[in-house]
Amino acid sequence: MQILITTLKLTIVFFTSIMFISCSSGEDDSDLNISQGSLVEDNPSAPIIAHGTNQNIIRGDNVNPAIRFIGSGGTPTNCSMTPALADVNVAINGTGCQITGTVNASATLGTKTYTITATNGAGNDTGAVDITVEDIPKVINVTSTTTDGTYGIGYGVAVTVEFNKNVTVTGAPQLEMETNNTPDTKADYVSGSGGATLIFTYTVVDNDATAD
């Protein structure tokens, strides 16, 4: 009488969240396969980002709006910018990246191309944007369309301020006039935003007196 003892080999392999079990005997090559769960990749795909929208920024101003690099691939774990721009930051924004911050007041003037790299464990992708750093607008002339003369209380005197480039006005700026009064009277902004010439109106008040 013969007794056959077969050794059973059991192999278990783990891959991410899938467990594979295979069994084989010493007499035949049949396999038993058992799968459990589903495969989940830590990084399903590398990031894919679009280019940003070019922007002109004046020294000392915010990056507004934020420059976004829209993502359509895997979520990045890091965003970086080359070359660096002082006081300007790049960070993850959803599946893409974005540039925010305030351009340093001493930043180099001119246009540069900045490359943004979005990275995760599966790979990386790059986007680009041109940022033009401009100097603060300078006043080149101050005049008035109101003729020289003597004007009474409540009279409006037009003041024209000319800049070396177009300016955008936010809020309600005022000009302090030298009126030999305490305090000096201020001229209120009227119009001109978007152009190189702004119009202000100074209204004469009691005790104002100046030859200018």
Worksheet item: Taking interchain pairs and intrachain pairs at least six residues apart, which have beta carbon atoms under 9 angstrom, with the first residue in the range 111-125 and more than 15 Å from I67 (Cβ to Cβ) and the second charged (D, E, K, R) and part of a strand (DSSP E or B)?
Response: T119/D125
Item to complete: Please tell me if E178 is within 21 Å of D135 (Cα to Cα) and free of Cβ contacts under 8 Å to residues at least 40 places away in the same chain.
Response: no
Fill in: Lone qualifier among T102, T143 - being at pLDDT 90 or above, hydroxyl-bearing (S, T, Y) and either surrounded by fewer than 13 Cβ atoms within 10 Å (Cβ to Cβ) or at positive phi (or both)
T143
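One line per residue, one yes/no per condition, for (1) assigned by TED's automatic domain parsing to the domain that holds N120; (2) at pLDDT 90 or above; (3) of a type in the set (S, T, N, Q):
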| residue | (1), (2), (3) |
| --- | --- |
| I3 | no, no, no |
| L10 | no, no, no |
| S25 | no, no, yes |
| F69 | yes, yes, no |
| T75 | yes, yes, yes |
| T82 | yes, yes, yes |
| A86 | yes, yes, no |
Discussion item. Looking at D184, D208, D188 in this structure, which one is of a type in the set (D, E), assigned to a loop (DSSP other than H, G, I, E, B), over 32 Å from the mean Cα position of the chain (by Cα) and surrounded by 14 or more Cβ atoms within 10 Å (Cβ to Cβ)?
Written reply: D208
Worksheet, complete the sentence: For strands (runs of 3 or more DSSP E) lying entirely in the range 71-181, having 1 or more residues that are among the charged types (D, E, K, R) picks out 110-120, 123-134, 156-163, 174-176
Worksheet item: Since D130 meets every condition but one in (1) outside the structural domain of N164 (by TED's automatic domain parsing); (2) under 29 Å from N164 (Cβ atoms); (3) without any contact (Cβ under 8 Å) to a residue 60 or more places away in the chain, which condition does it not meet?
Response: (3)
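The values are calculated or read from the model by the stated rules, or taken from the named source; none is laboratory data. Note that this is a predicted model, so its numbers are computed, not measured. Every residue, glycine as well, gets a Cβ built from its backbone with ideal geometry; the counts of neighbours run over all protein chains shown.
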